[in-house]
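These notes are about the structure you will find just below.
The values are calculated or read from the model by the stated rules, or taken from the named source; none is laboratory data. What you are looking at is a predicted structure, and each value in this text was computed from that prediction instead of being measured. In this analysis, Cβ positions are derived from the backbone assuming ideal geometry, glycine residues included, and neighbour counts consider all displayed protein chains.
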Amino acid sequence: MTDKLRGVAELEELDRVFSALGHQTRRAILLVLHANGGQMTSGAIASRFDCSWPTTTRHLRVLEEAGLVRAVLHGRERVYELDAARLRSQALGWIDRFGT
C-alpha cells in the first residue's frame, strides 16, 4: 500500500471514530460502558436511555463499526465491550499530530 493510500485509509478510519463520537447518545453509551466495568448487555445499555430499541441498536452498530465497542454473543444475548485503548489511541493520535 502506498503512503498516500495508507494516509487516506487512516483518515477514513478516523472519520468513522469521530463520526461515532459526534452523537451525544453514543458518547453517553461509551461513558455508561466505562462506568460499568467496560461490559454490558445490549438490554442493560438500552434500559439506560429513552430512545427506542431500534435506535439504541443503531447507535451500538455505529460504535461497533468504528471499532469503539465489540459485540460478543453470550447465549442469546449480545454483550458489548468497550475498547478504551482504541478510543484513546485514535483521539490522542489525532491530537498528537498538532504537537510540536
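Here are the numbers for this structure:
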| quantity | calculated |
| --- | --- |
| Qualifying positions in the range 33-50 - loosely packed, with under 15 Cβ neighbours inside 10 Å, assigned to a helix (DSSP H, G or I) and in contact (Cβ under 8 Å) with a residue 12 or more places away in the chain | 34, 43 |
| Residues that are of a type in the set (A, V, I, L, M, F, W, C) and not in a helix (DSSP H, G or I), drawn from the range 1-30 | 1 |
| Test: residue in the range 68-84 that is part of a helix (DSSP H, G or I), in contact with a Lys or Arg (Cβ under 7 Å, 6 or more places away or on another chain) and free of Cβ contacts under 8 Å to residues at least 40 places away in the same chain | no |
| Selection within the range 51-91 - modelled with pLDDT under 95 and either exposed (fewer than 10 other Cβ atoms within 10 Å of the Cβ) or more than 16 Å from the chain's Cα centre (by Cα) (or both) | 51, 52, 53, 54, 73, 74, 75, 76, 77 |
